[in-house]
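Undergrad: What follows is a single structure, and I will ask about it in a moment.
The values are calculated or read from the model by the stated rules, or taken from the named source; none is laboratory data. These numbers were taken from a predicted model, which means no experiment stands behind them. Cβ placement follows ideal geometry from the backbone for every residue including glycine, while neighbour counts extend to all protein chains displayed.
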Amino acid sequence: MESPYCLFSFLVYTSQIHTQLYNIWNMTSLSTTKPLPLSSAKYDELSTMIRKSYKNACILWIEEVHCPDVNQRFEQRFQALVERERSLTTSSSSVPQNHALSVQIPPTIQIKQLYHGTKEPNIKPICDQGWKIHLNQNSAFGKGSYFATEAKYSVNYTDVSKEDISYLLVADVIVGHTGMAGTSHVLIYGAPDTYVNNKINPTIYVARHDDDAIVRYVIAFHKKAPVQEQLLTRRNRVENQKRFVRT
């Protein structure tokens, strides 16, 4: 549920700026976007997850992103890691149980949905081409592209556009063998696929390969919205959205 301020902002930006951005993006982009209706279950799921850590989030809209080229590379990368794990698991089965390598069989390759904060000019290139590791400027936990389990962390890396809008990316991220950068450990499969800030309970994941992540959603929000004093019902939000359906 949104405050009156957020609802008003939603109506204004949906009827003016959002439509312009949507049309320009889909005419000049390798990726395409589709708005999530306020009434959709996915909208509720995403907004609920964001507010678990970023409680006063004033969400304006959520766009679902599709890019066939990036998606193909992402799937190929995932399958390559899965096949590598299978081959290593098979070869490791012949290692004696008391051998040091026997405890280092690679874990299951996973795909986690995580947050990424960035500046507005970076959003379209990331959606079109994916993340580029060589452009990383923050190496606190190792070289790579940074993702967080909590929205409140990623929000710190967003900027504010001239329209007073900030953007948060929701990505699918391949998480393979994890490890902390700079620590001395030897693994049978080489260096970790993914760096983390904490081996036991990670909240930051660092993708070390260009194709380890893909944007699934772009979330537009007000970074510094007034404190919410009065909440509107979900029904009111849906009814107001219907007044501004794009043509």
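Undergrad: Being surrounded by 17 or more Cβ atoms within 10 Å (Cβ to Cβ), at pLDDT below 60 and of a type in the set (S, T, N, Q) narrows it down to one of N236, N240, so name that one.
TA: N240
Undergrad: If you scan the stretch 36-62, which residues turn out to be assigned to a loop (DSSP other than H, G, I, E, B), among the polar types (S, T, N, Q) and either modelled with pLDDT of 90 or more or closer than 15 Å to Q113 by Cβ (or both)?
TA: Selection gives S40 alone.
Undergrad: Right, another one. Can you give me the number of residues within the stretch 173-184 that are crowded, with 21+ Cβ neighbours inside 10 Å and not in a loop (DSSP other than H, G, I, E, B)?
TA: Number of matching residues: 3.
Undergrad: Now a separate question. Only residues that are assigned to a helix (DSSP H, G or I) and under 21 Å from N71 (Cβ atoms): list them for the stretch 121-172, please.
TA: N122, I123, K124, P125, I126, C127, D128, Q129, I133, L135
Undergrad: For the stretch 63-83, which residues satisfy the criterion of being among the aliphatic types (A, V, I, L, M), under 19 Å from V215 (Cα atoms) and in a helix (DSSP H, G or I)?
TA: V70, the sole residue that qualifies.
Undergrad: Going through the stretch 95-132 one residue at a time, which ones are among the aliphatic types (A, V, I, L, M) and either at pLDDT 90 or above or out of contact with any strand residue (DSSP E or B) (no Cβ under 7 Å at 6 or more places or on another chain) (or both)?
TA: Passing the criteria: V95, A100, L101, V103, I105, I111, L114, I123, I126.
Undergrad: Go through the stretch 156-169 and report how many residues are surrounded by 15 or more Cβ atoms within 10 Å (Cβ to Cβ) and touching a Lys or Arg at 6+ places or on another chain (Cβ under 7 Å).
TA: Number of matching residues: 2.
Undergrad: How about the stretch 204-218: which of its residues are in a strand (DSSP E or B) and within 19 Å of V70 (Cα to Cα)?
TA: V206, A207, A213, I214, V215, R216, Y217, V218
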